[in-house]
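Below: the structure, in structure tokens.
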Amino acid sequence: MRISRRNFAGAMVAIGTLSFADRLALANPLGLPLGLQLYSVRQQMAENLEGTLATVSKAGYTEVEAAALPRTSASEIRGVLDQVGLRCVSAHHPFADLQARFDEILAYDKLLGVQFVICSSPGHRNPAPPGTGGPKQFTIDDWHFNADQFNAMGERTAAHGIRFGYHNHIPEFAETEGKIPYLELLRLTDPKKVTFELDCGWAIVAGVNPVDLMKNHPDRISMLHVKDFHLPSTPLTDPHAAKVTELGLGSIHYRPIFAEAARSQHIEHAFVEQEAFDMAWQKALELDADYFRKFRS
């Protein structure tokens, strides 16, 4: 897949004093509230939870997705979110944590007010014992195991009015024993129990076009992660070496992705995720928010 390099242009928007209603009016090009994956500010939250979330709100975000939260009670997190005008609509958890502490995690997330519990990484059917070396490669049987577990987890969250989903990185698109794991997950999970959060950035790094995924599976993908990378003109020998940057400063052109997402009418939330910063984090979050707004007509 050939990706055109796009240069970001446009003045920064002074949004620090906007009201909640004003910030909703500056929603993203899909007609949705502007969302942020809180993994973006994991270090900042650990140092100053209230100040960090207040800055997120002032930058124009109205929705957040939980990840890497400070070790504190759900009621305290919810209190700060309510105070600064943010709604936590989704939460990320790795497979191992969900498998070990599912009921505890679900209870915590319910207090945050989430609508989605998202598995952020897969698990092995037979994990390697601790201290025996690095993680094993995923087999197609591992992916089938994950699909079965996702169906079971989705049934459990549904009983509480919460939807269950899966978020991709790179391995889901690597051919494994003649199959593409992501397609196997789509095939084997029950649409009534499992939805998908498509990380557009990592899909592109893996050589997959998010537009094609949304066209081919329009009713399975309900959320997007939006991030940018500096990518070479030739495929990376190691996809994990892709360097993240702020939206509009890298190689990914989101206009066709947003257009297809709008046509699908199934995308309910879209979250900026800034895994690392090339500038002051406050400025980066404002730049990312402004990138979304430039697509609105």
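The values are calculated or read from the model by the stated rules, or taken from the named source; none is laboratory data. Remember, it's a predicted structure, so these values are computed and weren't measured experimentally. So basically every Cβ, Gly included, is an ideal-geometry build from the backbone, and we count neighbours across all protein chains shown.
Checked against (1) touching a residue at least 60 places away in the same chain (Cβ under 8 Å); (2) surrounded by fewer than 23 Cβ atoms within 10 Å (Cβ to Cβ); (3) more than 30 Å from ASP103 (Cβ to Cβ); (4) not aliphatic (A, V, I, L, M), THR195 meets all criteria but (3). Where helices (runs of 4 or more DSSP H) fall entirely within the range 172-266, those with at least 1 residues that are over 27 Å from PHE145 (Cα atoms) and not aliphatic (A, V, I, L, M) are at 255-264. Of all residues in the range 51-75, those satisfying the criterion of being assigned to a helix (DSSP H, G or I) and surrounded by 14 or more Cβ atoms within 10 Å (Cβ to Cβ) are THR52, LEU53, ALA54, THR55, VAL56, SER57, LYS58, ALA74. Within the range 267-280, residues that are in contact (Cβ under 8 Å) with a residue 12 or more places away in the chain sit with their Cβ atoms under 7 Å from residues that are among the polar types (S, T, N, Q) and in a loop (DSSP other than H, G, I, E, B), at 6+ positions apart or across chains, in these pairs: ALA270/ASN28. For the range 270-293, the tally of residues that are loosely packed, with under 15 Cβ neighbours inside 10 Å and more than 25 Å from ASN168 (Cβ to Cβ) stands at 3. Restricting the range 277-297 to residues that are in a loop (DSSP other than H, G, I, E, B) and at pLDDT 95 or above leaves a set whose member that is nearest to LYS215 (Cα to Cα) is PHE277.
If I filter the range 212-231 for residues that are within 14 Å of the chain's Cα centre (by Cα) and surrounded by fewer than 21 Cβ atoms within 10 Å (Cβ to Cβ), do I get at least one hit? Yes, the range 212-231 contains at least one residue that is within 14 Å of the chain's Cα centre (by Cα) and surrounded by fewer than 21 Cβ atoms within 10 Å (Cβ to Cβ).
I'd like to know if the range 156-175 contains one or more residues that are closer than 25 Å to LEU285 by Cβ, at pLDDT 95 or above and charged (D, E, K, R). No: the range 156-175 contains no residue that is closer than 25 Å to LEU285 by Cβ, at pLDDT 95 or above and charged (D, E, K, R). Within the range 224-235, does at least one residue satisfy the condition of being touching a Lys or Arg at 6+ places or on another chain (Cβ under 9 Å), more than 24 Å from LEU36 (Cα to Cα) and at pLDDT below 95? Scanning the range 224-235 turns up at least one residue that is touching a Lys or Arg at 6+ places or on another chain (Cβ under 9 Å), more than 24 Å from LEU36 (Cα to Cα) and at pLDDT below 95.
Of a type in the set (Phe, Trp, Tyr), in a strand (DSSP E or B) and under 15 Å from the mean Cα position of the chain (by Cα) - does that describe any residue in the range 109-128? Yes, the range 109-128 has at least one match. When PHE145, PHE173 are screened for being in contact with a His (Cβ under 8 Å, 6 or more places away or on another chain), of a type outside the set (Ser, Thr, Tyr) and surrounded by fewer than 22 Cβ atoms within 10 Å (Cβ to Cβ), only PHE145 passes.
The residues of the range 227-241 that are touching a residue at least 60 places away in the same chain (Cβ under 8 Å) and under 24 Å from PHE258 (Cβ atoms), listed by number, are LEU231, PRO239. Listed by first and then second residue, the pairs with beta-carbon distance under 9 Å, at least 6 apart or on different chains, first residue in the range 107-122 and closer than 15 Å to ASP82 by Cα, second basic (Lys, Arg), are LEU111/ARG78; LEU112/ARG78; GLY113/ARG78; GLY113/ARG87. For ALA128, the conditions (1) surrounded by fewer than 16 Cβ atoms within 10 Å (Cβ to Cβ); (2) out of contact with any Pro (no Cβ under 8 Å at 6 or more places or on another chain); (3) not charged (D, E, K, R) are fulfilled apart from (2). Listed by first and then second residue, the pairs linking a residue in the range 129-153 that is within 27 Å of GLU104 (Cα to Cα) and at pLDDT 95 or above to a residue that is surrounded by fewer than 17 Cβ atoms within 10 Å (Cβ to Cβ) and among the charged types (D, E, K, R), with Cβ atoms under 7 Å apart and 6 or more places separating them unless they lie on different chains, are ASP142/ARG125; PHE145/ARG125; ASN151/ASP190.
Among the residues making up the range 148-169, those that are part of a loop (DSSP other than H, G, I, E, B) and surrounded by fewer than 17 Cβ atoms within 10 Å (Cβ to Cβ) are ALA159, HIS160, GLY161.
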